[in-house]
Amino acid sequence: MEDREKDKEQKNIEQNEVKEQAEYTPPVQPDFLRETIKQKPVNKKKLLRRTLTTVAMAVVFGLVACFTFLVLEPVISNRLYPEEEADEVRFPEETETEEMKPEDMIVEENTEEPVEIVQAELNDEQIAEVLSQVQFSLDDYRLLYEQMSDLAETAGRAVVTVTSVVSDVDWFNDIYENEASASGIIVADNGKAILILVSAGTLNGAESITVTFCDQSRASAELVQKDPATELAILSVPLVDISEETMDVIDIATLGSSSSINLLGSPVMALGSPMGTSGSVCYGIVTSTGTVVDEADSAYKIITTDIYGSRNATGVLINMKGMVIGIIDHVSTGNDMSNLLTAYGITELKKTIEKMSNDKERAYLGIHGADVPREAIEELNIPEGAYVRAIDMDSPAMEAGIQNGDVVVQINETPITTYSGLLEVLYDSDPEDTLTFMLMRQGREMSTTVTLGTR
């Protein structure tokens, strides 16, 4: 009983405590103790400044990344995928003559006995009798021209048409395109591209250059280098842009010789655009080879023919062996023969073509020279050498003190006996090379040092 009463009392006590807690009301806080949490106001200027700083850093980082990629990408690519270098273009040295001599026309038989050539002296009556027995029929002439046509077709595999496109604006501000074309020849294959020699007059300001091969296939070309003296240029067409079918058809031109004594009066053919239209062919003979173009550091000879062609003619002259002996270009033609085809002799151009094909700058000296005449050597005791006729203003030769009338007898350790010998040394030199010239001036020997430049 006592335990029950204790439990009852305990429950009553707990119930009273619960009632007291339920009835309790916290006292009202005074107004000055109330607090309200407010957000910090946004500083727009500071936010804008931070945003601009972040954007600027991102731009700088992007530029640095792009620059690093552009610099390192070729290096990494070359390490992973090494690119083959282009082969150096070199033309073989000429022999004394590459023209066909009379004795070369004799058919050689398989015999050990030498062929004896007997020269008989005939009088006029005997010569007339022999000539009267020689008769040519129409079939003979047809056969002759068929053979010449076959030769032109074979040599024409190395002839191409170069077309350049230039954009211009007319009076009404409308844009239109101008096309100009010229005939060129394939001079080399450096393992990466086909190299083409062409007149540079049609390439001035060209935005695009297209080459049309003998099978009428086309490919884009790029300018490698242009020679300011001859206005000739070298173009390159990547091999990957030329189909296998075209590679089987085209050919590399065989460069002959224009320095042969047998060249005067010999028959030649003009291929390319001798009549101003692509694919035209003309026949004729060489009438002159003695003209030399007056250009510094050069001795380009001019071949004149009796072929009446266009003033805009381009292309090549070939001999009866299919070899290129000249590059058609109207230079030093008088008014009385303005339409006769003339060409640069290929012999004097070979070194220039080599330099341009290998994209190497020619060394510039600034001398207009000639050989010392034989009479001056014998009568005036002037030594053999390169006679200086004139000097370009502000040229390396003028800065070194070389004067008109000097005779160059030695360059470094190489004796100079002709003007062509001096040019050989220049062709083998590079800009910024330093050469020691040994001169003869009014009977006195003197030396000077020349630092070659660029044209």
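The values are calculated or read from the model by the stated rules, or taken from the named source; none is laboratory data. If you're wondering where the values come from, they're calculated on a predicted model, not measured in any experiment. Don't worry about glycine lacking a Cβ; one is built from the backbone with ideal geometry, like all the others, and counts go over all protein chains shown. SASA here: full protein model, heavy atoms, side chains in, ligands and nucleic acids out. Shrake-Rupley method; radii C 1.70, N 1.55, O 1.52, S 1.80 Å.
Converting phi to 3J(HN,Hα) with the Karplus coefficients 6.51, -1.76 and 1.60 and the offset θ = phi - 60°, region 447-455 yields 10, 8, 9, 10, 9, 5, x, 10, 5 Hz in sequence order, with x at every glycine or proline. Farthest towards the positive end of the charge dipole of region 314-399, among the residues 315, 397, 382, is the Cα of 315, using unit charges on the Cβ of Lys, Arg, Asp and Glu.
Are there any trypsin sites (Lys or Arg not before Pro) in region 299-368 that are in a DSSP loop and have at most 16 other Cβ atoms within 10 Å? List them by number.
Numbers: sites: 301, 311, 321, 350, 351, 355, 360, 362; in loops: 311, 321, 360, 362.
Sites meeting the loop and neighbour criteria: 311, 321, 360.
Between residue 225 and 234, the built amide H atoms are under 5 Å apart, and every one of these is 5 or more places off in sequence or on another chain. Overall, the ratio between the Cα radius of gyration of region 387-455 and 2.2 N^0.38 Å, rounded to two decimals, is 1.02. Rg and Dmax, both from the Cα atoms of region 309-406 and both in Å, are 18.2, 48.
Sparse packing (at most 11 other Cβ atoms within 10 Å of the Cβ) combined with a DSSP loop state is found for the following GluC sites (Glu not before Pro) in region 311-419: 413. Full extension of the chain segment joining residue 192 with residue 261 gains 21.1 nm, where the gain is 0.36 nm per residue of separation less the Cα-Cα distance.
Evaluate the relative contact order of region 258-408 (contact order divided by residue number), counting alpha-carbon pairs under 8 angstrom at least 6 apart; express in whole percent.
Numbers: 313 pairs, mean separation 26.8, N = 151.
With pairs under 8 Å counted, the relative contact order is 18 percent.
Proximity of backbone amide H atoms, modeled 1.01 Å from N, is registered between residue 287 and 265, 304, 305, 306 at under 5 Å, excluding neighbours fewer than 5 places apart on the same chain.
Around the amide H of residue 390, modelled in the peptide plane, lie the amide H atoms of 368, all under 5 Å away and 5 or more residues distant in sequence or on another chain. Using only the C-alpha atoms, the convex hull of region 227-315 corresponds to 146 Å³ per residue. Taking 308, 364 and ordering them by how much accessible surface each has at a 1.4 Å probe, largest first, produces 308, 364.
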